[in-house]
Amino acid sequence: MMLLVQSIIAITIRAGTSLVYATIGEIYTERTGVLNLGLEGMMLMGAVTAFAVAYHTGSLVLSLLVAMSMGLVLSAIHAFLCITMRANQVVSGLSITLFGTGMASFLGQRLGPAENSFYLVGLTSVRFNRIAVPFLSDIPILGALFNQDIMTYGMYILIPLAWFYMFKTKHGLNLRSVGESPHTADAMGISVTKTRYLFTIVGGMFVSLGGAHLSLSYTPGWTENITGGRGWIVIALVIFSMWNPARAIYGALLFGGINAIQFRLQIAGAAIPAPVLNMFPYLATIAVLVLVTWLESKGKKRLGAPAALAVSYMREDK
Amino acid sequence: MEDTMALQNDLTPVVEMKGITKHFPGVTANNQVTLKLYPGEVLALLGENGAGKSSLMNVLVGLYRQDEGEILVRGTPAEIHSPKDAVQLGLGMVHQNFKLVETMTVAENVVLGLKHLDFIPSFSEICRRINTISRQYNLQVDPRAYIWQLGVGEQQRVEILKLIYRGADILILDEPTAVLTPQESGELSRIIAQMIDEGKSAIFITHKMEEIKRFSQRVQVLRKGETAAVLETSKTTPSELARLMVGREVLFRLEKKICCPGEPVLEVKNLCASNEAGRPSLQDLSFIIRAGEILGIAGVAGNGQRKLTEVITGLDRADSGKVVIQGKDMTNRTPLDLIQSGVSHIPPDRISMGIVGDMSVASNLVMKEYRSEPVVKRGIFNYKEVAKSAKEKIDAYNISTPSQNTEAKFLSGGNIQKIILAREIGACRGLLIASYPSRGLDVGAMEAVRLQLIDQRNIGNAVLLVSEDLEELITVADRIAVIYEGRIMGEVPAEKADIKIIGHMMAGASLKGAAQAAAEAELGEDGI
Ligand SMILES: Nc1ncnc2c1ncn2[C@@H]1O[C@H](COP(=O)(O)OP(=O)(O)OP(=O)(O)O)[C@@H](O)[C@H]1O
Ligand SMILES: [Mg+2]
């Protein structure tokens, strides 16, 4: 029994890692008022390029850098369209996803070695291996947290840092004000454009890091649609975490946990079909939204989306 | 423009704006405007709605970029490209629409965007400094409260606090008193005087004539984007200023026919309602308005006025009691039912409740006609008729807009209010409810609004007028009821109304008690 629980925890955390990176990236983007629906495309591009680089060079560091630069380029395009050209953010984001998905699939058939007729599918490369932390990994049950790969350990550090930066530093204060009320931020001397560009791009880099974790660790290798819709799940998780990086972990655990349980149930031959299980994160998100609205109507707290989410800003506009 | 104060001729202005021109699509907001602000003075900036006051000030603080002209601060040319540059020059502005982040605390708002803020700001330290300023200027604000929890008066205090905390010494106040009660605006004048004593200078925008006297030494009048005059406050009169502003004489006293009330149109019986927190906001409230009369509701904002008008218009619900309109029980019916029974509503918050800012002026004007011909035929808009109906209203109400198709949000406050009036009065069939209809309007527009209300009464409609402005209530209403904590404290005929007695009732005294208190106060004054 203990072993079962331990293995469920281990899989949960592993499945959740890519979600946490992407969720935190998107939270930062949305907190400045930019909605980036290009997640799925950016994660796929991150996954395919990370794997290709790892295969050819054997360098994991280089793979991560290349994956991040994919996020950088795609989100910079999104930023340019939405912030400078004031295009509709939903349309631009969806285009990024369509482009990224197609491009990743195309690259998957071109970046491989000649002997595999340039396909990446079916190859293996260096990957992030699990590193057991001495002593900590021997703790019963919770030891599962300390027998993970380096990106998961990175996630343990990223969550509190991302939370701290957003809620305790002056830059975090400024960036939140840009997403809540760009008019106010601007009048207070904060550059709305710079802030939005910066965090759309930084956010995009984290999103594609999430993609890289899939192809370098969770399901090592490249397969078409390796993300399996995780880009969309992240959008729900951002809402689920109420735009708070610290809570990104809950959403990721929930979804990762469902993955893990599903995996176990399948082994055990249980009869709940996978698509039904896959609905749970969304149902949970809806439940959270209802709860939040209810809390707000009670006048207890203001939670919820940044007020200027997906609203473009121009100084001389009313 | 020559300087009116000989004394100041040899002083360098702290701010000098030279030949500022600012165009927007279809309008010239400022045309070759020159403005000088001398150290240690308050300059009042006056002008009709849309005269370009806010635009000029937005140019000064770097929010708008002028098309022509230059700005000198303390005698040196200043390139103000963004609010950041303005802050560095010591310019601070309280905007007409507050610039506050609702979901953040007072303290967070105060330090937002500050350059010298520590990487990890210490909010206990910041709160301590805010409290010191609060005491020094007698500005009561809880630094840990969230902005959304505060009323407009408190939000205004936060804006002032922000200026002080951030060390601005050139203050720009854009209609800071528009939403304040008389007491709060008295407080503000004291605070500004204190800041001037400390060597700061201020530009003060207002539509209220008595405040110009109270606050300023000089006054500059803008008219259609150009400077109409620069005067010494002590050497001018309200009627001269009004004439300079509007270009014609303005009536401060309105002629009214005697009121001859008919059948009851609105009967409110024992109305009770509660707010979100479940506390009572209307308590056993009753009154009647008859056809052809105006009932004024006086009271300090937040005493249930909003609840009352929203319950009557179907926007909110009553817990018990009755709202009877033209003999029919209309308690807790939908807004559509109420509109169809002839109720029109001029809401207190014109931007968010009165118009759809992103829609054209024409669409906003016909918004109450789209259920019927000729604007709609067989469910399809007839744009010729829309344009025709809109044009009629724009002409009749003298709405100044670049075109029918301009988005309504680009109009000035006075013109937005005229759109609402035109639409609501056009659709009024019996009862007109007007909440603070002249808030933020210039004297010309204010006069137009008041004349319209009186017109409605003269043609036999019943009018419920909610206002904080006692002058307005006395000139416009026939009877004045005073509301306090959701109760009617008493009612007086307007021609016999005594501002002092009403003032006491607004603070919670009964009619009898208020009369007594007022009489005693009078005796006291005589005694001195
Ligand atoms: N951002 C903008 N875009 C387009 N037009 C604008 C903008 N800001 C102001 N205007 C227009 O410029 C003119 C001057 O407006 P401004 O707000 O300066 O008037 P104001 O004197 O402050 O009026 P009020 O007393 O109503 O505040 C108006 O016609 C207004 O519609
Ligand atoms: Mg203005």
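The values are calculated or read from the model by the stated rules, or taken from the named source; none is laboratory data. Small disclaimer: the values here were computed from a predicted structure and weren't measured. Note that each Cβ is placed from the backbone with ideal geometry, even for glycine, and that neighbours are counted across all protein chains shown. With ligands, DNA and RNA removed, areas are computed over all heavy atoms of the protein, side chains included. Shrake-Rupley method; radii C 1.70, N 1.55, O 1.52, S 1.80 Å.
Project the alpha carbons of segment B:259-358 onto their principal axes and report the range along each, largest first, in whole Å.
If we take the Cα atoms of segment B:259-358, the spans are 37, 35, 27 Å.
Take the alpha carbon atoms of segment A:129-199, find their center, do the same for segment B:366-380, and report the distance between the two centers in whole angstrom.
Value for the Cα centre distance between the two parts: 53 Å.
Would you mind classifying segment A:1-49 by shape? Square roots of the alpha carbon gyration tensor eigenvalues, ordered a ≥ b ≥ c; an a/c under 1.5 is rounded, otherwise it is prolate if a/b is larger than b/c and oblate if not.
oblate
Using 23 Å as the Cα-Cα cut-off, could you pick out the over-long pairs in B:LYS269/B:LYS307; A:LYS318/B:LYS418; B:LYS213/B:LYS512; B:LYS208/B:LYS393?
Result: B:LYS213/B:LYS512; B:LYS208/B:LYS393 exceed 23 Å.
Note the direction-averaged projected area, equal to a quarter of the hull surface, for the Cα convex hull of segment B:319-406, in nm².
7.7 nm²
If I take R0 = 45 Å and measure r between the Cβ atoms of B:HIS23 and B:GLU495 in this structure, what FRET efficiency does the formula 1/(1 + (r/R0)^6) give, to the nearest 0.05?
0.40
Based only on Cα atoms, what Rg/Rh ratio does the protein assembly as shown have, Rh being taken as Kirkwood's radius?
With Rh from the inverse mean 1/r over Cα pairs, Rg/Rh is 1.04.
Per residue of segment B:397-408, what does 6.51 cos²θ - 1.76 cosθ + 1.60 with θ = phi - 60° give for ³J(HN,Hα)? Whole Hz please, x for Gly and Pro, Karplus curve as stated.
9, 6, 7, 9, 9, x, 7, 4, 8, 5, 5, 4
So who's got an amide H within less than 5 Å of the one on B:GLY296, skipping anything under 5 residues away but keeping other chains? H placed 1.01 Å off N, in plane.
Amide H to amide H, under 5 Å and 5 or more residues apart or across chains, B:GLY296 pairs with B:LEU465, B:ASP478, B:ARG479, B:ILE480, B:ALA481.
Using a 10 Å cut-off on Cβ atoms, rank the peptides A:123-135, A:39-51, B:427-439, A:56-68 from the highest mean neighbour count down.
Those peptides, ordered most packed to least, come out A:39-51, B:427-439, A:56-68, A:123-135.
Taking each residue of A:170-180 in turn, how many C-beta atoms of other protein chains fall within 10 Å of its C-beta, and what is the average?
5
Work out the FRET efficiency for B:MET353 and A:GLN109 from their Cβ-Cβ distance, taking R0 = 60 Å, and round it to the nearest 0.05.
0.55
Towards the positive end of the charge dipole of segment B:278-417, with charges on Cβ (+1 Lys, Arg; -1 Asp, Glu), say which of B:GLN417, B:SER363, B:LEU308 has the farthest Cα.
The Cα lying farthest towards the positive end belongs to B:SER363.
Charges at C-beta only: +1 for Lys and Arg, -1 for Asp and Glu. How large is the resulting dipole of the protein assembly as shown about its Cα centre, in Debye rounded to 20?
Result for the protein assembly as shown is approximately 1880 debye, rounded to the nearest 20.
Between beta-carbons, use under 15 Å as the cut-off and find the net charge around A:LEU74, counting Lys and Arg +1, Asp and Glu -1.
-2
Please grab the % of Cα pairs in segment A:242-292 that end up more than 12 Å from each other.
Of the Cα pairs, 67 percent sit more than 12 Å apart.
Towards the positive end of the charge dipole of the protein assembly as shown, with charges on Cβ (+1 Lys, Arg; -1 Asp, Glu), say which of B:LEU43, A:ALA76, B:SER510 has the farthest Cα.
A:ALA76
If one puts a single equal scatterer on every Cα of segment B:169-277 and applies the Debye formula without solvent, what log₁₀ I(q)/I(0) results at q = 0.12, 0.24 Å⁻¹?
The Cα Debye sum returns log10 ratios of -0.63, -1.44.
Can you classify segment A:1-105 as rounded, prolate or oblate using the Cα gyration tensor, where a ≥ b ≥ c are the square roots of its eigenvalues, rounded means a/c under 1.5, and otherwise it's prolate if a/b beats b/c and oblate if not?
Oblate.
Could you sort the residues of segment B:78-111 by number and keep only those whose accessible area is reduced by 20 Å² or more in the all-protein-chain setting relative to the chain alone, 1.4 Å probe?
In segment B:78-111, residues shielded by partner chains: B:PRO83, B:LYS84, B:LYS99, B:VAL101, B:THR103, B:MET104, B:GLU108.
How big is segment B:4-246 in terms of Cα radius of gyration and Dmax, in angstroms?
In order Rg, Dmax, the Cα atoms of segment B:4-246 give 17.7, 54 Å.
Normalised by the empirical 2.2 N^0.38 Å for globular proteins, what value does the Cα Rg of segment B:393-528 take?
It is 1.29.
Where the only charges are on Cβ atoms (+1 Lys, Arg; -1 Asp, Glu), what is the dipole of segment B:353-427 about its Cα centre, to the nearest 20 debye?
160 debye
Out of residues 5 or more away from B:MET489 or on other chains, whose amide H comes under 5 Å of its own, with H placed 1.01 Å from N in the peptide plane?
B:VAL482, B:ILE483, B:TYR484
When only the heavy atoms of the protein chains count and the probe is 1.4 Å, how do B:LYS512, B:LYS99 rank by accessible area, highest first?
If we order B:LYS512, B:LYS99 from most to least accessible, we get B:LYS512, B:LYS99.
Give me a comma-separated list of calculated 3J(HN,Hα) values for segment B:50-62, in order, Karplus coefficients 6.51, -1.76, 1.60 applied at θ = phi - 60°, integers in Hz, x for any Gly or Pro.
x, 6, x, 5, 5, 4, 4, 5, 5, 5, 4, 9, x
Expressed as a fraction of 2.2 N^0.38 Å, the rule-of-thumb size for a compact globular protein of N residues, what is the C-alpha radius of gyration of chain A?
Ratio of Rg to 2.2 N^0.38 Å for chain A: 1.01.
Checking the a/c ratio against 1.5 first, then a/b against b/c, what shape does the Cα gyration tensor give for segment B:215-317?
Since a/c reaches 1.5 and a/b is larger than b/c, the shape of segment B:215-317 is classed as prolate.
Probe radius 1.4 Å, ligands and nucleic acids ignored: give me the carbon and sulfur share of the accessible area of the protein assembly as shown as a rounded percent.
Answer for the protein assembly as shown: carbon and sulfur cover 58 percent of the accessible area.
Taking only the alpha carbons of segment B:38-108, what extent do you get along each of the three principal axes, in Å, biggest first?
The Cα atoms of segment B:38-108 stretch 38, 31, 29 Å along the principal axes, largest first.
Once Lys and Arg get +1 and Asp and Glu get -1 on their Cβ, which of B:THR177, B:ILE192, B:GLY52 lies farthest toward the positive end of the dipole of chain B?
It is B:GLY52.
Mind checking the alpha-carbon convex hull of chain B and giving the volume per residue in Å³?
So the per-residue Cα hull volume is 174 Å³.
Give me the 1.4 Å probe accessible area per residue for chain B, excluding ligands and nucleic acids, in Å².
That works out to 44 Å² per residue.
Return the value, in Å² to the nearest 100, of accessible area buried between chains A and B (probe 1.4 Å, both sides summed).
Looking at A and B, the buried total is near 2700 Å².
Hey, could you pull the Cα Rg and Dmax for segment A:202-285, both in Å?
Reported Rg and Dmax, both Å: 13.6, 43.
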